[in-house]
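The values are calculated or read from the model by the stated rules, or taken from the named source; none is laboratory data. Fair warning: this is a prediction, and the values are worked out from it, not measured in the lab. Methodologically, a virtual Cβ is constructed for each residue, glycine included, from the backbone with ideal geometry; neighbour enumeration extends over all protein chains shown.
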Amino acid sequence: MKRYLAMLLALLMLVFCFAACDNTPTESKPEQTTSNDDVSSETSTEEKTRYEAKVPNVKYDGEQFVILTSYANEDVKRPEFGGAGDEDIVEDVVNTAIATRNDIVEDKLDIDIVENKVIDSNRWGAGATYTKISTALSGGVLDFHMASPSLFNSATLAQNGYLEDMMQLEYLHELSESWWHKHFVNEVSLFGKVFYASGDISFYNFNATAAILFNKELFAEYEIEDPYQLVKDKAWTLDKMREIQTIEFSSDLDANNVIDYNDRVSITSSNDMMWAQFFACGGRIVSKDDEGEPYLSIWSETNNNYVTKIVEMMQDKENIILADDYFGVVTWPGELVQETFTSGRALMHVGSIATVDATSDMAYEFGILPYPLYDENQEDYYSFLNPWVGGSVCIPFGHDDETLEYISIVMETLGAEGKNEITPQFYEVALKRQKTRDDASQEMLDIISSTVGCDFGQNANLATYPNMLHQLIKANPGSFNTMYQSLKSKAESELQSIINAYNS
């Protein structure tokens, strides 16, 4: 028996040797057994699993691969693709992982990755990024291969015919590999076409995903029910968050007769809480029917119930402060309300994963939660990807077939190596090990990461409905239907134009 076992072991070793020497493109190895939306990389008992792009074994003799990226301001701590090479980038685990990913891809394909940044504070669809891309196409001078605009810009570019259908490119494999975010792809797909996508090729979208931070020490001091258990029990609801919001905590510390960022307040947030919480309840501006046809779905009695409760919370000026109210004070008021939370003067910050960065010097213990359910009858949590902050990757229309093949091979390789190098560092290390303070928060991050999604109607800024949702924060109760009806004809016309564009 021992001899047979020894022979079998030797045979297996020989098979593994031949497999290791095979350079033929293969399916991603090993076969994935986890959800495609799990942002954490698989690991084995001995070493980290590596994902491999199913692309030809080709070399490009040092050819440049130029990526056009868009940022709201000059303060870019972590450029998506390594930066332009002339800036002093802080060396942390994520930036190091980005550099490592780039080095691996450059060595594999013999290319030179170049990031060209556009600073664009107008991310709604017609700013500097949109102009740069549309001008390059209309002028016939495409000096970049891939772009990473905001979701608002991405949708506008798509419906105006400026982007390639990524589903048609052979080496992107219909965006089916695990490094592409399937929920996102399904949401932005119309009639089998996908003009912009999201995945491990860029870490920015997880940073722009909705999340709530809470002060664990204050929750304990005020004997507030364990929110982690509420989440697990599907009892973390809007009513429960409203109950916490209205405990006797807020205080006018500077005695100016108004609760602001200098005081103590139950919740700090921004107007974007309306978008994220509407989405978290299940509300959508545009939905798709069983045949995949998009239709206007923003108004319903159910959605009106969502809005009524959200507006009640956001209009309670004694117990919430919103960053948007302080644009006259500073250029980026989000930092003001974040500081109110990190200094221990707020119970909760209702924002995004990006807020975790602001807690690096926070003296208080904090935890992370998904946005609440509407009520306990809701089956799933939904985590909103902000279309102003969040972005996509896309390909400008107009490259020849040979260049499109080159682009698809590089993008697929960037995605696989991003899943190998960047995602584990950003998620596992930067968030789980360095920033969050307990195992339960890590479970919450898993819930958030597995429920990330977007709203096609939000991305398209359909009839300015996103702005209308913001306006409801200051509107009289019961205004939702009136404001919806005032834009309905415009929305239906715009949606039909999008349908026609996607079908052309």
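Just need a number here: residues in the range 135-189 that are part of a helix (DSSP H, G or I) and among the aliphatic types (A, V, I, L, M). Quick ask: steps written out before the conclusion?
Start the filter on the range 135-189 by keeping residues that are part of a helix (DSSP H, G or I), which leaves 135-138, 151-159, 166-168, 170-175, 182-188.
Right, trim to among the aliphatic types (A, V, I, L, M) and you get 136-137, 151, 155, 157-158, 166-167, 172, 175, 185, 188.
Final tally of qualifying residues: 12.
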Out of (1) outside any helix (DSSP H, G or I); (2) surrounded by fewer than 16 Cβ atoms within 10 Å (Cβ to Cβ); (3) under 28 Å from the mean Cα position of the chain (by Cα); (4) not acidic (Asp, Glu), the odd one out for Pro477 is which? (3)
With the structure loaded, tell me whether Ala276 is modelled with pLDDT of 95 or more, in contact with a Gly (Cβ under 7 Å, 6 or more places away or on another chain), among the hydrophobic types (A, V, I, L, M, F, W, C) and closer than 25 Å to Tyr465 by Cα or whether it fails that test. no
Could you list all residues from the range 57-81 that are within 21 Å of Tyr406 (Cα to Cα) and outside any loop (DSSP other than H, G, I, E, B)? Glu63, Gln64, Phe65, Val66, Ile67, Leu68, Thr69
Do you know which residues across the range 312-323 are surrounded by 16 or more Cβ atoms within 10 Å (Cβ to Cβ) and part of a helix (DSSP H, G or I)? Met313, Met314, Ala323
Single unsatisfied condition, Glu402 versus (1) outside the structural domain of Lys182 (by TED's automatic domain parsing); (2) closer than 30 Å to Ile113 by Cβ; (3) more than 23 Å from the chain's Cα centre (by Cα): (1)
Go through (1) in contact (Cβ under 8 Å) with a residue 40 or more places away in the chain; (2) within 16 Å of Gly283 (Cβ to Cβ) for Asn377 and report which single condition fails. (1)
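Closer than 19 Å to Glu106 by Cα and in contact (Cβ under 8 Å) with a residue 60 or more places away in the chain - does that describe any residue in the range 422-432?
Restricting attention to the range 422-432, the residues satisfying the condition of being closer than 19 Å to Glu106 by Cα are 422-423.
Now restrict to residues that are in contact (Cβ under 8 Å) with a residue 60 or more places away in the chain: 422-423.
Within the range 422-432 (the criterion being closer than 19 Å to Glu106 by Cα and in contact (Cβ under 8 Å) with a residue 60 or more places away in the chain), the answer is yes, since at least one residue qualifies.
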What about Gly125, is it outside the structural domain of Cys454 (by TED's automatic domain parsing) and either in contact with a Pro (Cβ under 7 Å, 6 or more places away or on another chain) or surrounded by 17 or more Cβ atoms within 10 Å (Cβ to Cβ) (or both)? yes
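State yes or no: is Lys309 of a type outside the set (A, V, I, L, M), over 25 Å from Cys454 (Cα atoms), surrounded by 14 or more Cβ atoms within 10 Å (Cβ to Cβ) and in the same structural domain as Ser493 (by TED's automatic domain parsing)? If you could, list the steps in order and put the result at the bottom.
Working: of a type outside the set (A, V, I, L, M): yes; over 25 Å from Cys454 (Cα atoms): no; surrounded by 14 or more Cβ atoms within 10 Å (Cβ to Cβ): yes; in the same structural domain as Ser493 (by TED's automatic domain parsing): yes.
Answer is no for this residue.
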Out of all the residues in the range 324-354, which are over 19 Å from Asp263 (Cβ atoms) and either of a type in the set (Gly, Ala, Ser) or surrounded by 16 or more Cβ atoms within 10 Å (Cβ to Cβ) (or both)? Ser352, Ile353, Ala354
Need the failing condition index for Leu238 against (1) in contact with a Lys or Arg (Cβ under 8 Å, 6 or more places away or on another chain); (2) over 30 Å from Ile320 (Cβ atoms), just the number. (2)
Which of the numbered conditions does Ser297 fail, given that it passes all the others? Conditions: (1) among the small types (Gly, Ala, Ser); (2) under 30 Å from Leu190 (Cβ atoms); (3) at pLDDT 95 or above; (4) in contact with a Phe, Trp or Tyr (Cβ under 9 Å, 6 or more places away or on another chain). (4)
On the given criteria, is Val350 assigned by TED's automatic domain parsing to the domain that holds Thr237, under 24 Å from Phe206 (Cβ atoms) and at pLDDT 95 or above? yes
For the condition in contact with a strand residue (DSSP E or B) (Cβ under 8 Å, 6 or more places away or on another chain) and not basic (Lys, Arg), what is the one hit in Ile89, Ile119? Ile119
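Taking the criterion of being closer than 20 Å to Lys182 by Cα and among the aliphatic types (A, V, I, L, M), would at least one residue in the range 453-465 satisfy it? So that I can check it myself, show each step before the final result.
Let us first name the residues in the range 453-465 that are closer than 20 Å to Lys182 by Cα, namely 453-460.
If we keep only those that are among the aliphatic types (A, V, I, L, M) as well, we get 460.
So far as the range 453-465 goes, yes, one or more of its residues are closer than 20 Å to Lys182 by Cα and among the aliphatic types (A, V, I, L, M).
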Suppose we filter the range 288-317 for residues that are of a type outside the set (A, V, I, L, M) and more than 20 Å from Asp375 (Cβ to Cβ); how many remain? 10
Asp316 being free of Cβ contacts under 8 Å to residues at least 60 places away in the same chain and either in the same structural domain as Ser493 (by TED's automatic domain parsing) or out of contact with any Pro (no Cβ under 8 Å at 6 or more places or on another chain) (or both): no
Looking across the range 300-331 at residues that are more than 22 Å from Gln485 (Cβ to Cβ) and small (Gly, Ala, Ser), the single one that is modelled with the highest pLDDT is Ala323
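Regarding the range 91-103, can at least one residue be identified that is among the polar types (S, T, N, Q), exposed (fewer than 15 other Cβ atoms within 10 Å of the Cβ) and at pLDDT 90 or above? Full working, then the answer.
Taking the range 91-103 first, the residues among the polar types (S, T, N, Q) are 95-96, 100, 102.
With the extra rule that they be exposed (fewer than 15 other Cβ atoms within 10 Å of the Cβ), the set shrinks to 96.
After this cut, where a residue has to be at pLDDT 90 or above as well, the list is 96.
The answer is yes; a qualifying residue exists.
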Answer from Ala84, Ala99 - the residue that is free of Cβ contacts under 8 Å to residues at least 60 places away in the same chain and not in a loop (DSSP other than H, G, I, E, B): Ala99
Looking only at residues that are crowded, with 17+ Cβ neighbours inside 10 Å and among the basic types (Lys, Arg) in the range 252-294, which one is farthest from Asn459 (Cα to Cα)? Arg264
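I'd like to know if the range 70-85 contains one or more residues that are of a type in the set (Ser, Thr, Tyr), modelled with pLDDT of 85 or more and in contact with a strand residue (DSSP E or B) (Cβ under 9 Å, 6 or more places away or on another chain).
Within the range 70-85, the subset of a type in the set (Ser, Thr, Tyr) is 70-71.
If we keep only those that are modelled with pLDDT of 85 or more as well, we get 70-71.
Now drop any that are not in contact with a strand residue (DSSP E or B) (Cβ under 9 Å, 6 or more places away or on another chain), which leaves 70-71.
Yes - at least one qualifying residue is present in the range 70-85.
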Which residues, taken from the range 120-171, are more than 17 Å from Pro387 (Cβ to Cβ) and of a type in the set (Asp, Glu)? Asp143, Glu164, Asp165, Glu170
